[in-house]
Amino acid sequence: MSRIGKKPIAIPAGVEVKLNGNEMTVKGPKGELKSALRPEMEIVIENSEIIVKRPNDDQLNRSLHGLTRTLIANMVEGVTEGFKKELDVNGVGYRVQKQGKNLVMNLGYSHQVIVEEPAGITIDVPGPNKIIVSGSDKQAVGQLAAQIREKRPPEPYKGKGIKYVDEHIRRKEGKAAKGAKK
């Protein structure tokens with residue numbers, strides 16, 4: 001039995017969960033999320049808890065058990081607390097700013113890089129070198145943060161670029177001086 005899959009998911013107050021076949025809708029204070037789940041899994045809502053069961057111990061069903069439970073738990077957490085990713089911008093002259101719904105970045109290119117804010121996700125810029133991406137859908141928040149980071153990934157020599165706040169960049173040593181002997 002999957003250790004993750006057999007844990008029940010508590011439904012907090014103010015969250016409404018509807019199940020229509022394999023389509024699940026979760027409404028909460030931070031929005032509404034819909035997801036089509038695999039029909040192999042049996043989902044039961046009882047006593048303000050969601051329980052995911054699998055029909056048998058086939059390889060596919062075992063692998064889907066924990067996944068389905070985690071996807072539902074992320075939906076419930078997203079509509080109650082939300083998710084956020086923080087990014088740092090390092091480099092001389094690198095800075096970001098918010099103009100309306102657009103994130104405008106100066107990243108050392110000959111042009112400005114502009115990223116539009118998609119529906120359901122907010123981009124905050126508390127300072128010229130900090131970006132906060134937040135929303136209720138964990139996958140969409142992570143995807144947008146990855147797309148922003150992709151515009152100028154951190155390089156290993158000076159550490160310039162866009163990185164996650166908790167990311168550690170492995171630094172490399174530069175070229176050795178010419179003529180230096182050991």
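The values are calculated or read from the model by the stated rules, or taken from the named source; none is laboratory data. What you are looking at is a predicted structure, and each value in this text was computed from that prediction instead of being measured. Here Cβ is always computed from backbone atoms with ideal geometry, including for glycine, and neighbour counts include all displayed protein chains. Side chains are part of the model used for accessible areas, which takes the heavy atoms of the whole protein and leaves out ligands, DNA and RNA. Shrake-Rupley method; radii C 1.70, N 1.55, O 1.52, S 1.80 Å.
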Considering only protein heavy atoms, what per residue accessible area in square angstrom results for the chain with a 1.4 angstrom probe? 63
So how much slack lies between residue 42 and residue 132, counting 0.36 nm per residue of separation and subtracting their Cα-Cα distance, in nm? 28.7 nm
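Nearest 20 debye, what's the magnitude of the dipole of the chain about its Cα centre given +1 on Lys and Arg Cβ and -1 on Asp and Glu Cβ? Could you put the intermediate results ahead of the total?
Numbers: 32 positive and 22 negative charges, 294 e Å.
In total the dipole reaches around 1400 debye.
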In square angstrom, rounded to the nearest 10, how much accessible surface does residue 68 have for a 1.4 Å probe? 0
Tilt relative to the chain, helix 59-80 - C-alpha long axis, 0 to 90 degrees, to 10: 70
Tell me the accessible surface of residue 109 in square angstrom (1.4 angstrom probe, heavy atoms of protein chains only), to the nearest ten. 100
Suppose accessible area is computed on protein heavy atoms with a 1.4 Å probe; arrange 37, 19 from highest to lowest. 19, 37
What is the percent carbon and sulfur in the accessible area of the chain, measuring with a 1.4 Å probe over the protein chains and ignoring ligands? 48
Find the Cα radius of gyration of the chain, compare it with 2.2 N^0.38 Å by division, and give the number to two decimals. 1.38
Which distance in Å, rounded to a whole number, links the C-alpha centroids of segment 69-118 and segment 123-182? 13
Among 18/163; 53/101; 98/138; 98/172; 6/163, which pairs are too far apart, with a Cα-Cα distance over 31 Å? 18/163; 53/101; 98/172; 6/163
So, taking all protein chains as they sit and a 1.4 Å probe, how much accessible area belongs to residue 110, in Å² rounded to tens? 130
Here, residue 173 and residue 23, labelled 7 Å along Cα→Cβ, have an inter-label distance in nm of 6.1
Compute the helix-to-body angle for 138-150: its Cα long axis versus the longest principal axis of the chain, expressed 0 to 90° and rounded to tens. 10
